[in-house]
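Throughout, read-outs are computed from the coordinates displayed, never taken from laboratory work. All values derive from a computational prediction rather than experimental measurement. Here Cβ is always computed from backbone atoms with ideal geometry, including for glycine, and neighbour counts include all displayed protein chains.
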Amino acid sequence: MNRHLIRMLLSLSLGWITFAVRADEPPGGTRSTFAPNAAVVYWQAFATMPDLTHEEESILGEAEYSADTPLTSELEPIVARHEHALHELHRATRLHACDWQLDNDAGPNVLLPHLKYTQDLSRAALLRARLRFKAGETDAAIDDVLTVFKLARDCGSSPIEICTAMDASIEETANAVLAAHLPILTREQFDRIEKTLQHLPARADIVSVIRGEEMLGYGWLKREIDANAARLEDPVFREQFLRKILADFGLFEPDGPAEDGDDLEAKRAYELYCSMSAADLKVTLERLHAHYQTLARIAELPLADRPARIDQMDPPPYIKKGFQIVSFEPKTTAEAPTFLAYRISPKAEIEFFSEERYQIQSHLLKQAIRVQRDGPQALEQIPGRFVEYKQTPTGFELRCTTGTPEKQPITLSVGRPS
């Protein structure tokens, strides 16, 4: 939707709300009030964000690439155009409660328009923080970074995989910006940062996310199948139903693979899915439900115990090499229900690695603050993982390996200011 239209609708909505509240005022003049909700103020911030040209977007994109990418002179006026939006961001983050009012009954069609705005606004706030660090305005810069942490957590409080993934991505960037400037901060500023981070809203944990995804995937699909049980015996209706299901879950375009495309495997798979029987759909539901139950049980295990348990899962119906999926489509009609169940559900390896990466990143930032303030001897390890300290010319690095087959390391660099 055009951003100008969104602004107009928001203005009308906010105006109606104001009128409705004032109309309900009792004769004594005491105004009715709504429960504080940060999401409402975030949307005011989103509505006041500037429309950027392609060139301006490119400048911001290059600047946010990493915490030590040089800041150019053309960046500051672009960031300055976000002043009103950033003002509202700071106002929103002073409110603890945040409810985005998501329509979870929509299943895979749930609308998440706040995600893109959250990403763009956090980018502007972190770039302004770097500009403020460079100008010596450290307290104001810290304020900007901390508001980003709050915004990210408010985004990640929804138990939906893409919401927690957005939270993790934003927090990782905020970690890097803050870590790069730790050597120039005071002990009082360290205390303020630690206190704020400790009181951030809780992020949806991995168990909640799996249950939330189960509600959006399995729960929604079961309701759709139950509501159309009688009609699914009709082959024509069933094929239309399956085409819609495949599109709703984002597995194929509404009309299937392009006729002139060269992906024969996708075309064949689409035909197999669309030819499934009503009994096949019940098998898909059973496999889908069982998969979610297994994921939830693994999610309750400590980080170090999860990789072995994932390896013990029933072999998924796809061929993979590490985290790269080589083949992900059924070859026969009999395989279609199982493949569809796995296509809909979260992928265990990716889901748990993302959660582990987030937890390690958060731990590294806390330890970076401890080490910067009290020395390397203050470093605390992660149970089942080893955190390595390495001094660098401008500060130090903390590195930790992960539980993935490739043992991919995660590194946080301290002392690389803009």
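A compact table of results
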| item | result |
| --- | --- |
| Around residue 272: net Lys/Arg minus Asp/Glu count, Cβ-Cβ under 11 Å | -2 |
| Förster-model FRET efficiency, 22 Å R0, residue 138 and residue 69, C-beta, rounded to 0.05 | 0.65 |
| Separation in nanometres of the label points that stand 7 Å from Cα toward Cβ, at residue 222 and residue 263 | 3.1 |
| Gain upon complete extension [residue 119, residue 76; 0.36 nm per residue less C-alpha separation] | 13.6 nm |
| Interchain or long-range residues, amide H under 5 Å from residue 379's placed H | none |
| Segment residue 300-residue 184, extension gain: residue separation times 0.36 nm, minus the distance between their alpha carbons | 37.8 nm |
| Förster radius 35 Å - calculated FRET efficiency between residue 236 and residue 99 (Cβ-Cβ, nearest 0.05) | 0.25 |
| At most 13 other Cβ within 10 Å, DSSP loop - GluC sites (Glu not before Pro), region 364-411 | 380, 406 |
| DSSP-assigned coil residues among chymotrypsin sites (Phe, Trp or Tyr not before Pro) in region 64-120, each with at most 13 further Cβ atoms within 10 Å | 65 |
| Linear extension gain, residue 366 paired with residue 350, 0.36 nm per residue minus alpha-carbon span | 3.3 nm |
| Size of electric dipole in region 164-303: Cβ of Lys, Arg +1 and of Asp, Glu -1, about Cα centre, debye, nearest 20 | 620 |
| Order of 209, 40 - criterion: other Cβ atoms within 10 Å of each residue's Cβ, fewest first | 40, 209 |
| Greater than 23 Å apart at Cα, pairs in 244/267; 116/244; 222/267; 222/244; 116/222; 150/195 | 116/244; 222/267; 116/222 |
| Efficiency of FRET between residue 271 and residue 377 - r from beta-carbon atoms, R0 56 angstrom, step 0.05 | 0.30 |
| Spin-label pair residue 279/residue 110, simplified geometry with 7 Å Cα→Cβ offset, distance in nm | 3.4 |
